[in-house]
Amino acid sequence: MRFNKTRNKIFGAIFIFIIVVAFFFTPTGYYLEVPGSAEDTSQFVKVNGKQDKKKGNLLLTTVGIVSGTPFTLLKSMGNDFETIYSQEELMGNENSQQYFQVQQYYMKSATNNAIQAAYSKAGKPFTKKYLGVYIMDIMNNSAFKNKLQVGDTITSINNYHFKNSAQFINYVKKQDKKSIVKINFVRDGKKKSASGKLVKLADTKRYGLGITLTDNTEAKGNPPTKIDAGSIGGPSAGLMFTLQVYSQISNKDLKAGRTIAGTGTISPDGTVGPIGGIEKKVYAASEMGATIFFAPDDPVTKEIKKYEPGYVNNYNLAKRAAKKIHTKMKIVPVKNLNDAINYLEKTKQSK
């Protein structure tokens with residue numbers, strides 16, 4: 001009898017232990033978007049092989065994506081700076097590996113745009129090289145489903161070399177629907193090839209490869225600039241990388257000893273675009289002691305209001321977040337690169 005009681009206590013303790021472990025560590029299929037880090041852009045940028053050593057910081061800001069457990073999901077409820085997403089909401093039809101590959105492409109595109117915008121603003125020469133079309137997604141019925149991968153770059157089709165994605169698409173349109181095409185592509189720096197039939201594209205009468213694509217380009221400036229963001233992905237560091245590159249190639253001290261943070265996509269013409277998770281980025285910047293935070297002041301058009309009546313732009317979301325955490329950090333609206341540069345130049349003396 002005493003043995004049975006002891007055994008039951010042991011089994012009970014093991015059961016409780018398993019429940020506790022499951023509560024704290026079992027993946028749920030949901031993800032949490034949380035405040036990430038605020039990183040000094042100078043560590044990622046080299047101009048003529050040299051990093052910026054001027055006092056102060058230009059900080060890019062990130063969000064963190066973590067797998068949700070029952071404990072972390074419960075803990076996040078009611079927290080204005082943690083958002084729960086299902087895998088489909090966060091990644092669409094992509095698996096986690098494909099999702100992060102695409103995020104790496106977005107970062108590469110952002111750094112290319114940053115170089116173009118910075119060199120144009122500084123009046124410095126740069127070149128833009130077309131590498132091919134970057135594969136963002138592959139349809140399930142595509143003949144290339146198991147031959148191509150997200151992240152590959154197609155360089156030619158039937159030995160036809162193209163100068164942009166429009167030329168590539170037009171060439172494919174002209175092919176007979178029963179054609180078998182050969183494509184050359186690059187994966188992880190290695191040249192490869194594959195052949196396959198065309199397939200009917202969803203919701204159209206056209207035939208194609210069954211892939212989602214975008215242009216893959218490389219910008220190079222004089223003096224040469226290299227941006228290596230490591231494992232950081234996404235397009236939202238575009239503005240801050242542009243400011244870092246511009247300050248170095250123009251030899252202008254925009255920082256003036258200050259800690260300046262911000263976010264926003266950048267176009268080659270210097271237009272700053274909106275991003276996601278700005279509240280978390282405000283939080284991360286404030287934690288790092290930033291005194292200025294650049295937030296995209298994206299226009300709220302009638303069309304946006306029509307489809308999303310409650311839409312609030314990045315700048316106003318950033319102001320709300322700053323108010324909630326009682327930070328003294330100045331939230332500065334920017335529509336383009338000039339807005340950010342002019343503000344930093346104008347406020348140098350009042351730091």
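Taking amide H atoms as placed 1.01 Å from N in the peptide plane, the amide H of SER156 lies under 5 Å from those of ASN184, each 5 or more residues away in sequence or on another chain. Sequence-ordered 3J(HN,Hα) estimates for region 309-325 from the Karplus curve with 6.51, -1.76 and 1.60 and θ = phi - 60° stand at x, x, 5, 10, 6, 4, 4, 5, 5, 5, 5, 4, 5, 4, 5, 5, 9 Hz, glycine and proline given as x. Couplings 3J(HN,Hα) for region 60-76, derived from phi with the Karplus relation 6.51 cos²θ - 1.76 cosθ + 1.60 (θ = phi - 60°), are 7, 10, 10, 10, x, 10, 10, 5, x, 10, x, 5, 5, 5, 5, 5, 7 Hz, where x marks Gly and Pro. With Rh defined as the Kirkwood radius, the inverse of the mean 1/r over Cα pairs, the Rg/Rh of region 130-217 is 0.92.
Counting only helical runs of four or more DSSP H residues, what would the 222 nm mean residue ellipticity of the chain come to if each run contributes -39,500 (n - 2.57) and the total is spread over all its residues? Please list the in-between numbers first.
Working: 10 runs with 121 residues, N = 351.
Taken over the chain, the calculation gives -10500 deg cm²/dmol.
Distances over 13 Å make up what percent of all Cα-Cα pairs in region 269-326? Percent of Cα pairs beyond 13 Å in region 269-326: 63. Enter the Cα centre distance for the pair region 221-245 and region 306-351, rounded to the nearest angstrom. The distance from the Cα centre of region 221-245 to that of region 306-351 comes to 21 Å.
Packing-based ranking of 202-209, 263-270, 45-52 yields 263-270, 45-52, 202-209, ordered from highest to lowest mean Cβ neighbour count within 10 Å. Cα centroid separation, region 61-111 to region 129-198: 29 Å. Our summary of shape: the Cα atoms of the chain have principal axis extents of 84, 68, 46 Å, ordered from largest down, in whole angstrom. Treating each Cα of region 103-142 as one equal point scatterer and applying the Debye formula with no solvent, the log10 of I(q)/I(0) at q = 0.14 Å⁻¹ comes out as -0.46.
The value of relative contact order for the chain, using C-alpha pairs under 8 Å at least six residues apart, is 21 percent.
Hey, can you find the accessible area per residue of the chain for me, probe 1.4 Å, expressed in square angstrom? Provide the component values of the computation, followed by the final result.
Working: 19340 Å² over 351 residues.
For the chain, the per-residue accessible area is 55 Å².
Packing here is the average count of other Cβ atoms within 10 Å per residue, and on that basis the peptides 32-42, 231-241, highest first, run 231-241, 32-42.
Only Cα pairs under 8 Å and 6+ residues apart enter the sum, and on that basis the relative contact order of region 130-217 stands at 40 percent.
The values are calculated or read from the model by the stated rules, or taken from the named source; none is laboratory data. Note that the structure is predicted; figures quoted are calculated from it, not measured. Cβ atoms come from the backbone with ideal geometry, glycine included; neighbour counts cover every protein chain shown. Protein only, heavy atoms only, side chains kept; ligands, DNA and RNA dropped before computing areas. Shrake-Rupley method; radii C 1.70, N 1.55, O 1.52, S 1.80 Å.
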